[in-house]
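See below for the structure under consideration.
The values are calculated or read from the model by the stated rules, or taken from the named source; none is laboratory data. Computed from a predicted model, the values in this text were never measured in an experiment. Note: ideal-geometry Cβ built from the backbone for every residue, glycine included; neighbour counts use all protein chains shown.
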Amino acid sequence: MKRYEARQFPKLKGLSGISDALLQDHIKLYEGYVKNSNLIIDELEGLAKTGKAAGTNPAYAELTRRLGFETNGAILHEFYFDNLSPEPEPLEKDSLLGKAVAESFGSVDAWLADFKAVAAMRGVGWAIAFRDPLNGNITNRWIELHQGGHPAGYRPIVVMDCWEHAFVPDYKPTERAKYIDAYFRNLDYKACGARLIK
Ligand SMILES: [Fe+2]
């Protein structure tokens, strides 16, 4: 099985209200998810080769469950870093994404208010605007622990890390509202919109 490779994000610097130092630490966390995904794949392959890949083997079961956490941790961070930019493009109402969110929520502002409500939820997780592949709806969802709650087949369009490591120490743990403002100052809707047609 192929292994994952950690990507580089050389353009991810100079954001408004999210420091370069925090981003560098955040990228190291992402690299940890990539590394651990590969380690778990190594271990699972080792168990398979020695005839220990059994659902009744607690080690096999725990590693398999853990793989979802690590791999989704890697994937979601790539979506998150990719939709931030020091020169973000705004959301145009007549763009593909602008029309899509307005069709689902009534207006761009209504979608934005809903997304921010999800982002402000207590606890750590992810706020994600997905595209429903069946009807084209945009739906804002809360994702817990990287791997829990993803609607099958839905495509992440706007991805926001709501774990505290995404904004502490730039802000206090009680200042998520400031981080939400900073996130939207750097959110590149061009990158998000491109995901609609991939
Ligand atoms: Fe993160």
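Quick notes on this structure:
- Applying the condition of being within 16 Å of the ligand (Cβ to nearest atom) and more than 16 Å from Glu70 (Cβ to Cβ) to segment 1-19 and asking which residue is surrounded by the fewest Cβ atoms within 10 Å (Cβ to Cβ) yields Ser19.
- Members of segment 164-179 that are buried (at least 18 other Cβ atoms within 10 Å of the Cβ) and not basic (Lys, Arg): Ala166, Phe167, Tyr171, Tyr179
- Selected residue (only one of Ala102, Ala6, Ala48, Ala59 is aliphatic (A, V, I, L, M), touching a Phe, Trp or Tyr at 6+ places or on another chain (Cβ under 8 Å) and not assigned by TED's automatic domain parsing to the domain that holds Ala182): Ala6
- Pairing each residue of segment 61-83 that is under 21 Å from Tyr189 (Cβ atoms) and in contact (Cβ under 8 Å) with a residue 12 or more places away in the chain with any residue that is assigned to a helix (DSSP H, G or I) and within 16 Å of the ligand (Cβ to nearest atom), provided the two are 6+ apart or on different chains, yields C-beta distances under 7 Å for His77/Tyr30; His77/Tyr33.
- Note on segment 127-143: among residues that are farther than 14 Å from Phe184 by Cα and among the hydrophobic types (A, V, I, L, M, F, W, C), the one that is nearest to the ligand (Cβ to nearest atom) is Ile143.
- Residue satisfying condition, being in a loop (DSSP other than H, G, I, E, B), in contact with a Cys (Cβ under 9 Å, 6 or more places away or on another chain) and within 16 Å of the ligand (Cβ to nearest atom), within set Val168, Val124: Val124
- Checking the stated criteria, His146 turns out to be in a loop (DSSP other than H, G, I, E, B), within 14 Å of the chain's Cα centre (by Cα), at pLDDT below 95 and within 14 Å of the ligand (Cβ to nearest atom).
- Number of positions in segment 34-51 that are surrounded by fewer than 13 Cβ atoms within 10 Å (Cβ to Cβ) and either touching a helix residue (DSSP H, G or I) at 6+ places or on another chain (Cβ under 9 Å) or of a type in the set (Phe, Trp, Tyr) (or both): 1
- Residue selected from segment 79-94 under the condition within 16 Å of the ligand (Cβ to nearest atom), surrounded by 19 or more Cβ atoms within 10 Å (Cβ to Cβ) and not aromatic (Phe, Trp, Tyr), by the criterion farthest from Gly149 (Cα to Cα): Leu84
- Residue pairs meeting the criteria (Cβ under 6 Å; at least 6 apart or on separate chains; first in contact (Cβ under 8 Å) with a residue 60 or more places away in the chain and surrounded by 15 or more Cβ atoms within 10 Å (Cβ to Cβ), in segment 144-157; second of a type in the set (Val, Ile, Thr) and in a strand (DSSP E or B)): Pro156/Ile128
- One residue from Ile41, Ile27 being free of Cβ contacts under 8 Å to residues at least 60 places away in the same chain, within 19 Å of the chain's Cα centre (by Cα) and outside any loop (DSSP other than H, G, I, E, B): Ile27
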